[in-house]
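Each remark here refers to the structure printed beneath this line.
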């Protein structure tokens, strides 16, 4: 009988092994051939692997293979001597002795994009059409490595604050956020929807664990193609009980961002450098009321307030600009959104029920977070539903939590791709979405 | 202008604060009233919060409130003196002085289930119908806390092995796993599907990061209601390049499980105790060929082999039993599954193309993992598609990765809820699914 006992000691080296352990001498490394620069009697062959690029030097007569047999896109096991070389990407190069070809691209095919270029200077359309290949570009892939770091920071911080991670269903019977932007599907003869948010479930789970979070896909059937909307995106949600007010949620978000940015600085410095990102300061984020923000912006930028109960994207941009100019902050919390712009589960401000105990967070003029305190009282929730012409009977499962007792609670949702987009100063959210879904894009 | 600067110092205490920092004296704690045992002149009031149960003692005349005003399901801020008490759940009790009621359940409502009982002795149907409330039971919620730990272990291990976490789309154009069990949805006038697995995308991302993983929902439109099928579940997927064979993937899984179980022992000891779980040994997992396993079981348990190319659930159970009896192992890898039972992307065994370089892992007689090596060569993949009557034109985006070069690679998917189920010796996967989705269940 054979037994599986776990990962064996590797026979190959990674870039970090060589740098951290100051390995010298003869080593083997895996990689894909990123570029070949054939200079006649010698050649530079750059390998791409998960930790970066490795410059290999081929010299005719030294090796057991010919550079003519190599091709970009092949994957190989390269063997050679490590040699310090400051001009090489990692400060060393591999002087090749052997090369075993592990796999080959299709014969007579050319790369559709020059992925070995530093920055892909193709249109977003082209990059997305060839996403499986364009992501092999070093800069492109760094974007999603950094995005991994954001999610890790979010989770690690919340674990440390005693939150529990939950996994809520994406096929649902109800329509938490209201409106028409919900995908319908056939579910064994019943009507079902794709979850627009984990709202009902995260509130439910506050009744179980007091503090919960989820980082998972949500689905919005938005019909408009904009630079900031996606039909499927990752929502970083948390929800917490025993709050004194929605300010507790803003405090938690500020601390989370502060932790996450430190975490990125520590663990993702390579990607931050590659992408030329300077992390913003979050130690002191201004908070302004919705109605006051509109006035401030209207006065400073000489702009008429068209609708006192709504915020146009241009106003968001100007609010961002205002707080950058006046307070040097890339972030601003806009609080007390009008009731009619918020869902039925939002708690109204007891001092003025036209407004809610809620907030958005703007980052460089774009909304990246929506949050607030929720209604915890059964009668209050039922009455608000009725006032909106909703039938509480349709929400029996959700109302079960209010019926049997819920702590005062609230939470928020952060759009991961938008946060990444603004952090990288990109102009289109598709740049920071691995495989974007929009009205005209379902593949790759 | 007001500023948000992060989480303030708490005024309340958690159970761990009191135990770890040996807090004494007067403290305030938040919690939901789990039970009230009124003994006349005094009463035990048990609070439930995220870290467990706290026994509070009420004595008439001492407090500024009456126990008669309290009700199960209320949430409160309790203030009192800490007093060592070995018989109390945490080794201490809170001798109450004050109690502020933060929220109340609906008037004149009774709990639909006795959630304060140690073990809910209701049917699974009832538990699921009242899931938002039944999860408030201490034992029920421990299940999903432990499940959190499994996912954390999976992720942390893979980070340490230099895997990158990815987030792939759940609305897709193609049908990776084939078959009829795919949910269809209307996508702006186009046909779309819910992803049965992240298969195409994780292979694609191996071409980018060499090693990737994802822990995310997958969707299967299974029409049969069994104790082990769900229509939406969490798949723990990883995929890795530069493998020498599918054995590398089994090694990685064995090491991952070993890490995860140690992690649970260290960080989730409370839940393991609560649920009475003994973690199985994974240091030495037997591996047996599919065809040999069938023979072994047929001989030992005197059972006719009906179909040499398929494994019935009963056979899985017997294989599990065989390796428990003969080798003391709760786990067994069954390798070399027949080609016709595996998808088109599976690599056939070059020594016998009726079988594949793939495996399942059984845990206590149930399949919890499917994995294997994938085809990396373009022509080989196209030819296998054609041999199966598939049109390669339908897979242009997927085939882009083979066309432009892929390392030898493979990976696996683990059913999180099934793994949890077997770990807990539960009989139905719904027991270990937060909000299960099946043919007849779309709510809560």
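The values are calculated or read from the model by the stated rules, or taken from the named source; none is laboratory data. Predicted model, so just to flag it, every value in this text is computed and none were measured. Cβ atoms come from the backbone with ideal geometry, glycine included; neighbour counts cover every protein chain shown.
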Study note, to complete from the structure: Exception for residue B:292 within (1) assigned to a helix (DSSP H, G or I); (2) surrounded by fewer than 16 Cβ atoms within 10 Å (Cβ to Cβ); (3) within 19 Å of the chain's Cα centre (by Cα) falls at (3)
Review point. Of the residues in the range A:271-289, how many are more than 17 Å from the chain's Cα centre (by Cα) and either in contact (Cβ under 8 Å) with a residue 12 or more places away in the chain or crowded, with 17+ Cβ neighbours inside 10 Å (or both)?
Key: 10
Point to revise | strands (runs of 3 or more DSSP E) wholly inside the range A:314-418 that include at least 2 residues being more than 30 Å from residue A:302 (Cα to Cα) and at pLDDT 95 or above | key: A:366-374, A:409-415
**Study point:** Hits in the range B:36-53 - residues which are closer than 17 Å to residue A:407 by Cβ and either part of a strand (DSSP E or B) or away from chain A (no Cβ under 14 Å) (or both)
**Key:** B:45, B:46, B:47, B:48, B:49, B:52, B:53
Check your understanding: If residue A:280 passes every condition in (1) within 11 Å of chain B (Cβ to nearest Cβ); (2) closer than 20 Å to residue A:415 by Cβ but one, which one does it miss?
Key -> (1)
Exercise for review: Inspect all residues belonging to the range B:204-223 and state whether any of them is surrounded by fewer than 17 Cβ atoms within 10 Å (Cβ to Cβ), more than 16 Å from the chain's Cα centre (by Cα) and away from every other protein chain (no Cβ under 11 Å).
Suggested key: no
Point to revise | Considering residues of the range A:149-167 that are more than 19 Å from the chain's Cα centre (by Cα) and facing chain B (nearest Cβ under 7 Å) only, the residue farthest from residue B:152 (Cα to Cα) | key: A:162
Review point. Name the residues in the range A:1-28 that are touching a strand residue (DSSP E or B) at 6+ places or on another chain (Cβ under 9 Å) and more than 10 Å from chain B (Cβ to nearest Cβ), would you?
Key: A:13, A:15, A:17, A:18, A:19, A:23, A:24, A:25, A:26, A:27, A:28
Check your understanding: residue B:173 passes all but one of (1) at pLDDT below 95; (2) surrounded by fewer than 20 Cβ atoms within 10 Å (Cβ to Cβ); (3) more than 7 Å from chain A (Cβ to nearest Cβ); which number fails?
Key -> (3)
Study note, to complete from the structure: Filtering the range B:191-203 for residues that are in contact (Cβ under 8 Å) with a residue 60 or more places away in the chain and at the interface with chain A (Cβ under 10 Å from one of its Cβ atoms) leaves a count of 2
Revision key, fill the gap. Reported set for the range B:236-280 where residues are under 30 Å from residue B:405 (Cα atoms) and part of a helix (DSSP H, G or I) is B:247, B:248, B:249, B:250, B:251, B:252, B:253, B:254, B:255, B:256
Review point. Can you tell me which of A:91, A:178 is surrounded by fewer than 17 Cβ atoms within 10 Å (Cβ to Cβ), more than 11 Å from chain B (Cβ to nearest Cβ) and farther than 26 Å from residue A:235 by Cα?
Key: A:91
Review point. Looking at residue B:107, is it part of a loop (DSSP other than H, G, I, E, B) and in contact with a strand residue (DSSP E or B) (Cβ under 8 Å, 6 or more places away or on another chain)?
Key: no
Check your understanding: Does residue A:141 fit the bill of being part of a helix (DSSP H, G or I), within 19 Å of residue B:168 (Cα to Cα) and out of contact with any strand residue (DSSP E or B) (no Cβ under 8 Å at 6 or more places or on another chain)?
Key -> yes
**Study point:** Subset of the range B:61-94 (residues that are assigned to a strand (DSSP E or B) and closer than 18 Å to residue B:49 by Cβ)
**Key:** B:75, B:76, B:77, B:78, B:79, B:80, B:82, B:92, B:93, B:94
Point to revise | Criterion (surrounded by 18 or more Cβ atoms within 10 Å (Cβ to Cβ), in contact (Cβ under 8 Å) with a residue 60 or more places away in the chain and more than 30 Å from residue A:16 (Cβ to Cβ)) met by exactly one of B:142, B:78 | key: B:142
Review point. Would you call residue A:97 within 14 Å of chain B (Cβ to nearest Cβ), surrounded by fewer than 18 Cβ atoms within 10 Å (Cβ to Cβ) and closer than 22 Å to residue A:15 by Cβ?
Key: no
Point to revise | Test result for residue B:102, touching a residue at least 40 places away in the same chain (Cβ under 8 Å), within 8 Å of another protein chain (Cβ to nearest Cβ) and out of contact with any helix residue (DSSP H, G or I) (no Cβ under 7 Å at 6 or more places or on another chain) | key: yes
Review point. Is at least one residue of the range B:120-129 at pLDDT 95 or above, buried (at least 20 other Cβ atoms within 10 Å of the Cβ) and facing chain A (nearest Cβ under 10 Å)?
Key: no
**Study point:** Residue among B:260, B:227, B:234 that alone is within 30 Å of residue A:271 (Cα to Cα) and out of contact with any strand residue (DSSP E or B) (no Cβ under 9 Å at 6 or more places or on another chain)
**Key:** B:260
Revision key, fill the gap. Considering residues that are surrounded by fewer than 21 Cβ atoms within 10 Å (Cβ to Cβ) and facing another protein chain (nearest Cβ under 10 Å), the number found within the range A:108-119 is 5
Check your understanding: Considering only the range A:57-75, how many residues are within 14 Å of chain B (Cβ to nearest Cβ), surrounded by 18 or more Cβ atoms within 10 Å (Cβ to Cβ) and at negative phi?
Key -> 4
Practice item. Just give me the residues in the range A:291-300 being under 17 Å from residue A:359 (Cα atoms) and away from every other protein chain (no Cβ under 14 Å), in sequence order. Key: A:291, A:294
Check your understanding: Applying the selection to the range B:373-428, what residues are surrounded by fewer than 18 Cβ atoms within 10 Å (Cβ to Cβ) and at positive phi?
Key -> B:389, B:425
